[in-house]
Amino acid sequence: MESRLQKSCCRALCAWCVLWLVLCFGAGGVLLAKTPVPLVVGGSVKLNRDEPLRFYDKVVREAKKGERFQVMEIRLPKIYLGTMVGGKRVAVWVDIEAVTPVKSETDKAAERKKEDTLFREGQIPVVKIVISPEAMERLRKEPRSYVEVTVEEAGGRTYSHLGLKLKGSAGSFRPIDDRPGFSINTGKFKGGDRFHGLDRFQLNNCAQDGTALHEMIAGELARKAGVPASRCSHAIVQLNDRPLGIYVLKEGFSEDFLAPFFKRTDGNLYDGGFCAEVRKDMELDHGDASHQERLAELLGALGEGDQAKQQQRMEQVVDVDAYLRYVALENILCHWDGYSFNRNNYRVYENPETGRFHFFLHGMDQTFGDPNWNLWRAPDAVVGAVLWRREQIRERYDLILREIYEKTIKGVDWGARAEQIGKQVAAAALVVGPNLAKEYEPRINEGRDHIRNRMRGVAEQLTRGDLLKTLNNPGGVDLSGMAWTPQTENSEAAEMDADKHPSLSLKATGDGVGSWRLQIAVPPGTYRFEAKVKTAGVRKLQNPSGDGAGLRISGASRQGKNSMEGDGNWKKVEYEFQSGGGSVTLVAELRAGAGQMWIERRSLHLLRLR
């Protein structure tokens with residue numbers, strides 16, 4: 001017979017067990033060992049395997065692995081899942097092992113609110129990354145492998161059990177003992193702490209952007225234009241006892257990244273890799289590797305031999321308007337290192353709601369570099385190259401491009417926005433040390449001017465694009481007010497008056513070549529480029545592209561045509577060429593060992609002959 005003491009101990013033990021269960025699981029909840037998210041009625045789960053969905057006893061459709069459902073009832077070891085299809089409640093009973101609980105939209109919204117302190121409020125954390133000697137040695141040997149680290153933030157907050165590896169490709173990678181870039185994943189090790197609500201983030205070393213402003217402004221502009229891109233802030237970083245300086249803190253590609261842009265975040269998200277095309281072996285950042293049927297459909301459409309069928313298939317598997325918006329942003333930002341022009345720095349997401357693919361901007365540290373980058377430059381990568389064959393696609397692109405300019409760029413001083421952010425970074429750097437702030441301050445104006453000059457170039461090109469509508473007029477397009485760019489080798493270029501005529505001047509200072517150039521997009525046709533030219537003392541050089549003073553287009557020769565040498569008064573010079581449509585660069589040049597030429601600005605015209 002049990003003693004009173006034994007009974008008392010049992011009752012106390014039971015009470016403690018009940019209390020522990022309530023604290024761990026909550027009322028009506030079940031906590032799975034593999035996840036910190038409780039399984040509760042009304043909560044959300046995703047399937048770990050395919051399951052048939054039924055309306056009463058009739059199978060409606062097959063539910064795919066990774067698809068999400070609401071928990072309707074829990075009768076362990078079974079749970080009842082449901083969703084609405086065509087106004088009917090369809091459901092399935094499954095074993096508890098067949099599901100993984102996921103966070104509710106309310107929970108995700110709360111976590112995203114934490115991120116606002118970094119991205120919306122412009123907080124710039126000062127962090128120390130603590131890496132053990134053993135982990136440092138591993139990163140020396142295997143820089144792309146994850147090691148466990150701790151991040152200490154000024155102010156007392158510590159983030160433990162984070163996964164860290166080195167990032168960067170040919171131009172930006174630096175070893176661990178240099179000034180490396182970091183990719184940090186809070187879920188790689190058990191008990192990892194989210195950093196300001198982020199599950200994944202990067203610390204970019206700005207090896208190719210000393211302003212530390214390009215990626216942040218490019219992403220902000222892109223998101224305002226409706227193109228997905230990671231949010232950015234800055235951080236002052238120290239590695240163990242070694243100060244590293246100013247970094248760009250960038251949101252990683254994860255389910256949290258997808259949530260603001262898509263209703264469903266359970267689709268496959270692929271990493272395009274380094275200078276590589278869309279292909280079947282792309283790395284899967286997020287999603288289900290066992291269900292890549294839509295990627296196979298995309299590759300099949302790209303390889304379709306019948307062009308009419310190919311275009312039809314492309315519309316079914318690619319969100320074409322979203323892709324055109326993406327290309328427009330790459331051209332606006334001069335993003336030469338993205339998918340369209342270098343097959344680099346991109347992600348591809350299969351939107352499960354539509355079954356169509358979207359492209360994301362990434363790696364935008366080298367943007368805004370060319371104020372005259374052609375807004376109508378045709379993509380070289382296969383997805384764009386296939387779509388660009390259709391005139392209707394090019395027309396849709398032009399409308400989207402102009403809409404982005406009107407709604408996102410026009411009326412906004414993006415250079416001033418960059419300057420504002422730069423001053424915030426400098427202020428944070430000053431708290432850490434005056435030398436760091438002093439070194440960074442000159443970069444602020446540099447970033448501001450890069451961005452402001454490019455936005456000015458965008459406006460000029462769109463004005464120029466409007467002028468192209470006058471190509472068939474008798475006088476053609478007036479090119480006089482456009483932004484001509486000089487190129488010189490043993491020569492000098494200047495803008496000056498000659499005989500009271502505003503002119504573009506080229507002067508030889510040795511055997512070489514000087515030119516004024518204008519990149520412009522034209523429809524297919526035959527054209528004449530013309531201008532009035534004056535020369536003084538020109539001693540021409542023989543060259544396959546032409547000699548003396550004259551006009552041509554880049555990549556073509558003017559041998560035997562419109563060559564001027566010696567002393568020559570104002571003369572109309574013409575150059576005819578054919579174009580299959582797209583970008584051409586007009587060239588007014590001097591190939592000479594001595595002498596000078598002038599091109600009268602108001603005489604610069606382009607006419608379409610047929």
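The values are calculated or read from the model by the stated rules, or taken from the named source; none is laboratory data. Given the structure is predicted, the values throughout are model-derived calculations rather than measurements. Counting neighbours? That spans all protein chains shown, and the Cβs are built from the backbone with ideal geometry, glycine included.
Here are a few things to note about the model shown:
- Condition check for Thr408: outside any loop (DSSP other than H, G, I, E, B), among the polar types (S, T, N, Q), surrounded by 15 or more Cβ atoms within 10 Å (Cβ to Cβ) and touching a residue at least 60 places away in the same chain (Cβ under 8 Å): yes
- In region 519-544, the residues that are touching a residue at least 60 places away in the same chain (Cβ under 8 Å) and within 25 Å of Trp570 (Cβ to Cβ): Ile520, Tyr527, Arg528, Phe529, Glu530, Ala531, Lys532, Val533, Lys534, Thr535, Ala536
- Positions within region 156-197 being surrounded by fewer than 19 Cβ atoms within 10 Å (Cβ to Cβ), part of a strand (DSSP E or B) and hydrophobic (A, V, I, L, M, F, W, C), in sequence order: none
- Subset of region 515-532 (residues that are closer than 18 Å to Glu495 by Cβ and hydroxyl-bearing (Ser, Thr, Tyr)): Ser515
- Selection of region 240-264 for residues being more than 19 Å from the chain's Cα centre (by Cα) and either surrounded by 23 or more Cβ atoms within 10 Å (Cβ to Cβ) or farther than 16 Å from Ala322 by Cβ (or both) yields Asn240, Asp241, Arg242, Pro243, Leu244, Gly245, Ile246.
- Residues being buried (at least 16 other Cβ atoms within 10 Å of the Cβ), assigned to a helix (DSSP H, G or I) and modelled with pLDDT under 70 - total across region 69-111: 2
- Residue match in region 420-431 (condition: over 25 Å from Phe201 (Cβ atoms), buried (at least 16 other Cβ atoms within 10 Å of the Cβ), in contact (Cβ under 8 Å) with a residue 40 or more places away in the chain and not assigned by TED's automatic domain parsing to the domain that holds Met482): no
- Of all residues making up region 138-155, the number that are crowded, with 16+ Cβ neighbours inside 10 Å and of a type in the set (Ser, Thr, Tyr): 2
- Filtered residue count, region 468-509, keeping only those that are out of contact with any Leu (no Cβ under 9 Å at 6 or more places or on another chain) and on the phi > 0 side of the Ramachandran plot: 3
This table checks each residue for (1) surrounded by fewer than 16 Cβ atoms within 10 Å (Cβ to Cβ); (2) among the hydroxyl-bearing types (Ser, Thr, Tyr); (3) in a strand (DSSP E or B).
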position	(1), (2), (3)
Arg528	yes, no, yes
Leu551	no, no, yes
Ser557	yes, yes, no
Gly560	yes, no, no
Asn569	yes, no, yes
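Quick grid of which residues meet (1) over 24 Å from Glu277 (Cβ atoms); (2) at pLDDT 90 or above:
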{"residue": "Gly363", "(1), (2)": "no, yes"}
{"residue": "Gln366", "(1), (2)": "no, yes"}
{"residue": "Arg377", "(1), (2)": "no, no"}
{"residue": "Val383", "(1), (2)": "no, yes"}
{"residue": "Asp413", "(1), (2)": "yes, yes"}
{"residue": "Ala418", "(1), (2)": "yes, yes"}
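- Qualifying residue in region 418-428 (condition: part of a helix (DSSP H, G or I) and among the charged types (D, E, K, R)): yes
- Residue-level analysis places Asn372 outside the set of residues that are under 23 Å from Gln461 (Cα atoms) and out of contact with any Gly (no Cβ under 9 Å at 6 or more places or on another chain).
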